[in-house]
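Here is the structure we will look at.
The values are calculated or read from the model by the stated rules, or taken from the named source; none is laboratory data. None of the values given here were measured: they were computed from a predicted structure. So basically every Cβ, Gly included, is an ideal-geometry build from the backbone, and we count neighbours across all protein chains shown.
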Amino acid sequence: MGISLQPEYLKRYKDIGMLFIKYGNSDLVKSAGLDEALNGDGIAPGAKGEAEELTKDLERLGPAFVKVGQMLSTRPDFLPAAYLEALSRLQDNCEPFSFAEVERIVVNELGVRISKAFSEFSVEPLAAASLGQIHKATMRNGRHVAVKVQRPGIRENITQDLEILGDVSEFYDAHTETCKKYEYIKCWKNSARQSLKN
Ligand SMILES: Nc1ncnc2c1ncn2[C@@H]1O[C@H](COP(=O)(O)OP(=O)(O)OP(=O)(O)O)[C@@H](O)[C@H]1O
Ligand SMILES: [Mg+2]
């Protein structure tokens, strides 16, 4: 049985399929009818990536996949220690976006310049994760705060990836014992939706 594909998302299906092939679920990719589309891209089916490489691959795929990595990093029942350690970087040490973007987003969302709302605002983030990055700041009334700035375009980005992963995750939940047992994709979808609401 194959999954129904939407043409505008083909590149994304392919990127996700490549991840599954690289980390060992090539049989599932075949049964989803994706293997032909993925031929000739230079990654041997079934090749095992190292934990660091998986972490980098998830980060490259973007915020939705960083969120998957964060969740996996808390599952010792699911992954070996080396993977938990590597993936835990995704909780607070992802690639940050520029301070120029931070200024643009804060002005857009608060309606005032950073210097008007805050007496101090750290240029370097304290941490950067899936949805946003955190900057230490002091408000004009002297209160010390941590300001979480959402990544540019995060809502559209996550919404689209949720839709794409909806097809894929339903297939996985229905067709593999692992997903039935752990329901991790379902958990992740709920968690990502909840985070975006907050
Ligand atoms: N109030 C805070 N003070 C200090 N550090 C913080 C604070 N809030 C968050 N952080 C740091 O920033 C990291 C990322 O924050 P957070 O987990 O809120 O973002 P996220 O993973 O992008 O999104 P989500 O809301 O889905 O968890 C945290 O792991 C933590 O290290
Ligand atoms: Mg988090």
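Name the residues in the range 112-132 that are of a type in the set (A, V, I, L, M, F, W, C), in a strand (DSSP E or B) and in contact with a strand residue (DSSP E or B) (Cβ under 6 Å, 6 or more places away or on another chain), would you?
Within the range 112-132, the first condition is being of a type in the set (A, V, I, L, M, F, W, C), and the residues that meet it are 112, 114, 117-118, 121, 123, 126-129, 131.
Among the residues that remain, those that are also in a strand (DSSP E or B) are: 118, 121, 127-128.
Result: PHE118, PHE121, ALA127.
To keep it simple, each residue is scored yes or no on (1) farther than 23 Å from ARG60 by Cβ; (2) at pLDDT below 95; (3) acidic (Asp, Glu); (4) within 16 Å of ligand 2 (Cβ to nearest atom).
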{"position": "ARG140", "(1), (2), (3), (4)": "yes, no, no, no"}
{"position": "VAL145", "(1), (2), (3), (4)": "yes, no, no, no"}
{"position": "ARG155", "(1), (2), (3), (4)": "no, yes, no, no"}
{"position": "GLU163", "(1), (2), (3), (4)": "no, yes, yes, no"}
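Sort out which residues of the range 67-94 are of a type in the set (A, V, I, L, M), out of contact with any Asp or Glu (no Cβ under 6 Å at 6 or more places or on another chain) and part of a helix (DSSP H, G or I), and write them in order of number. Walk me through how you get there before you give the answer.
The first filter runs over the range 67-94 and keeps only residues of a type in the set (A, V, I, L, M), leaving 68, 71-72, 79, 81-82, 84, 86-87, 90.
Still in the running and out of contact with any Asp or Glu (no Cβ under 6 Å at 6 or more places or on another chain): 68, 71-72, 79, 81-82, 84, 87, 90.
Answer for the range 67-94, where residues must be of a type in the set (A, V, I, L, M), out of contact with any Asp or Glu (no Cβ under 6 Å at 6 or more places or on another chain) and part of a helix (DSSP H, G or I): VAL68, MET71, LEU72, ALA81, ALA82, LEU84, LEU87, LEU90.
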So ILE105, is it more than 16 Å from the chain's Cα centre (by Cα), away from ligand 2 (no atom under 16 Å from the Cβ) and not in a loop (DSSP other than H, G, I, E, B): yes
Complete set of residues in the range 113-130 that are closer than 16 Å to ARG89 by Cβ and either within 11 Å of ligand 2 (Cβ to nearest atom) or among the acidic types (Asp, Glu) (or both): ALA127, ALA128, ALA129, SER130
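Conditions tested, residue by residue: (1) at pLDDT below 90; (2) among the basic types (Lys, Arg); (3) assigned to a helix (DSSP H, G or I).
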| residue | (1), (2), (3) |
| --- | --- |
| ILE134 | no, no, no |
| PRO152 | no, no, no |
| ILE158 | no, no, yes |
| SER169 | yes, no, yes |
| CYS179 | yes, no, yes |
| ILE185 | yes, no, yes |
| ALA192 | yes, no, yes |
Among residues of the range 70-111, those that are surrounded by 13 or more Cβ atoms within 10 Å (Cβ to Cβ), touching a residue at least 24 places away in the same chain (Cβ under 8 Å), out of contact with any strand residue (DSSP E or B) (no Cβ under 6 Å at 6 or more places or on another chain) and of a type in the set (A, V, I, L, M, F, W, C), counted: 9
Complete set of residues in the range 124-141 that are within 16 Å of ligand 1 (Cβ to nearest atom) and either hydroxyl-bearing (Ser, Thr, Tyr) or surrounded by fewer than 13 Cβ atoms within 10 Å (Cβ to Cβ) (or both): GLU124, SER130, THR138
